[in-house]
Amino acid sequence: MASHPPISRLQDVAPYASIIKRFEINRSRAKVVLDLDATFARGSLSKVFVGTIYVNGQAPSKVVAKFLHAGPEYPQSQLFLASEVSTVSHLIHPNVARFHGLWWQTEFPASFIHPGIVVEFVDYDLLEYTKARPGERIRVLRGGVLALQYIHQQGITHGDVHPGNIRVDAKGNAKVIDFGLAQIQNMGGFPRIDGGRNPRYCAPEIFGSDEEEEPQWGGGSEVDIWEAKPIASSSDVFAFGMVFLEVMAGVPPYTYEYPPNRPYHELCFAVARGERPRLERYAGLSNRQKGALQRMWEQDPSARPTMSQVVDMDSPLWS
């Protein structure tokens, strides 16, 4: 498998203009046609559209293109784009969505002045796929773990692991997507953003580690934190444990403890002070799996297993 050195050691990560020049899709060799009438997904900083990439001499393939908002209210959007591209462009793994390059969509209004980040389209929603095929749950989940193990080995923390960011392709392979909140370990020069996380999958350190520091909450169903907390790969381990619980039990984490009709800030406080899903309430888990999840959800990040330990076939998570 082709691979790059860990990104934290790379010396060629360049600012915005150089990133554009290096990764812009060559229009003489390829073109991207997007369906601009339908938004595939949207976030606080971006919109995502589905389309097709046509590369000379190759069969067309389906893609998604993520465009970041621009303008005075998004002063760091250029750096956010450069940061995400610097991350995804170095990831080559069968369980990570493939990066194609950057594409300018000239018909866009001024609110989208940046090129789009074009990656392969991954067909299925994780939860829908595994609900329809319960016998494939463990195999698919292991694919997600293999992706995260590889990402961590490259010196990257994904930073936003939840079911929506692990999709399944037409061959049944899990693929991790969306590195907009990823953090490159031991490398400065880029802003860090922690906006838009769902607290049901957040490790406690996302909310602050000081006992006197209140969890930050944006008032809706997502945490809106603009001053990044010092998260690491252990935060991804915690979050993947929540994904595992949801896939196996069929309900979101904290469904019984903090149902959707309760204010989300209550859940933020609960996670920060160490509350976890009471696993006796959740069906579909063996006792060994429950024990593994409890270790992945340790309050102290250093007490959690690494993703390499999680992926080990002898791990109780897989039995």
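Here are some notes:
- Filtered by the rule that a residue be within 17 Å of Trp318 (Cα to Cα) and not small (Gly, Ala, Ser), the stretch 241-256 gives Met242, Val243, Phe244, Leu245, Glu246, Val247, Met248.
- Any hit, the stretch 39-56, residues being modelled with pLDDT of 85 or more, part of a loop (DSSP other than H, G, I, E, B) and in contact with a Pro (Cβ under 7 Å, 6 or more places away or on another chain): no
- In the set (1) in contact (Cβ under 8 Å) with a residue 24 or more places away in the chain; (2) closer than 22 Å to Gly241 by Cβ; (3) assigned to a helix (DSSP H, G or I), the condition left unmet by Leu79 is number (2).
- Considering only residues in the stretch 256-267 that are at pLDDT 90 or above and part of a helix (DSSP H, G or I), the one that is nearest to Asn198 (Cα to Cα) turns out to be Leu267.
- Condition met for Ala147 (at pLDDT 95 or above, buried (at least 17 other Cβ atoms within 10 Å of the Cβ) and among the small types (Gly, Ala, Ser)): yes
The values are calculated or read from the model by the stated rules, or taken from the named source; none is laboratory data. Keep in mind the model is a prediction, meaning the values are calculated, not measured. Cβ sites come from the backbone with ideal geometry, for glycine too, and all protein chains shown count toward neighbours.
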